[in-house]
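Student: The structure's right below; bear with me while I get my questions together.
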Amino acid sequence: MRRRHFVIACAGLIAVACAYYLGSVRGPRPTGAAAATNTAAGNVRDENAAREAGATGFTRRTASLPPPGAPLQNVFAELQARANAGDVDAATRLYRDLSLCSRFRSIDWANSQLADELLGEQVDGMPPDQLENYRAQLEAIESRKRNVQRLHALCDGADEAMLATRVPAMQKAAQLGETHARACYLAAGPNLDARGLIRHPERLEAYRASVPRLIDAGIAAGDWKVVDLLRNAYQPGAEGLLAGVLDPDPVRYYRYLKLYRLGAEAYRTSKLDEQLQAAAARLAPEQVREADAWAETAYHRNFDAGNSTESTVTGWDPCSFPYE
């Protein structure tokens, strides 16, 4: 079981390496429905909040980024300076590189442990099927070793001080409108780095202050991930960092549940209707009517552009990024 866990973890790392070094790890560019909904940011009542929270029209994209795979230690200062100046592409690249390198060390160690374990096994007398499996694992380890060396080029030299900036880097990217960073930061916030949170408890207050504007920007941009996070955070008895920041509110729970229902795929609607019925039972009729009207308005203004809640299938991970 331990070996299989390592194999799966390291296989995931290979997918990361291949994507990264083929140049597919870039800042997201809105297309199709996402591009259309970005124009809705102008509907946010507080324009300054939208600017900070990430409406695409307010973020800056400047010069091209360093090539994919450039050593993080060499480009960290440039990416950080550009992110702080409002460059969403640089902010995206920075938090993803930091995230990758933060996980890479443990996976690299696990890969080395697995290799040592396999090479130490006695193959004499192995049954043919077990021997074939053993050879396949050796080949996989050799393949992973070549790709891990490439990731060493990215991450070697990135010290603890750099890696400790992962949460602030993600916060900056979220504020500039990078959708994956926004979902992860809302869901996990400073809990993404427990060691960093212990050393920097002020990150909790920074998270608390950021949440309202990120929510406003997500709704304005038609981001179903934000809606899903909100319906779960407002659900009665909900736990987690986002739920802890948001006060319990049965009206808002019904609002976001209704909005989510409007964009849901057909196979999910019956369960959502049951949840809506239960939520409505806790409200006055007038509250239900007002919440329904709010959800309909928000849906047609920001979400009704061909996209749906399919990006939030059951079990989706808010902190899973495109290169994964």
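Student: Can you give the FRET efficiency for A81 and D247, using 1/(1 + (r/R0)^6), R0 = 35 Å, r = Cβ-Cβ distance, to the nearest 0.05?
Tutor: 0.40
Student: Still on this model: Less than 14 Å Cβ to Cβ from K225, Lys/Arg counted +1 and Asp/Glu -1: what total charge do the surrounding residues give?
Tutor: Net local charge, K225 excluded: -3.
Student: How much accessible surface area, in Å² rounded to 10, belongs to the heavy atoms of S308 with a 1.4 Å probe?
Tutor: My reading of the accessible area for S308 is about 30 Å².
Student: Could you sort L259, L229, L204 by their accessible area in this structure, using a 1.4 Å probe and putting the largest first?
Tutor: These residues rank, largest area first, as L204, L229, L259.
Student: In addition: Sort E286, E239, E178 from largest to smallest accessible area, using a 1.4 Å probe on the heavy atoms of the protein chains.
Tutor: E239, E286, E178
Student: Taking 0.36 nm per intervening residue step and subtracting the Cα-Cα distance, what contour gain separates R195 from A63 on full extension?
Tutor: Residue separation times 0.36 nm, minus the Cα-Cα distance, leaves 44.1 nm.
Student: Rounded to the nearest 10 Å², what accessible area does D223 show when all protein chains are kept and the probe is 1.4 Å?
Tutor: Solvent-accessible area, nearest 10 Å²: 20 Å².
The values are calculated or read from the model by the stated rules, or taken from the named source; none is laboratory data. Bear in mind the structure is a predicted one, so any value in this text is a computation, not a measurement. Ideal geometry is used to build each Cβ from the backbone, glycine not excepted, and the neighbour counts take in all protein chains shown. With ligands, DNA and RNA removed, areas are computed over all heavy atoms of the protein, side chains included. Shrake-Rupley method; radii C 1.70, N 1.55, O 1.52, S 1.80 Å.
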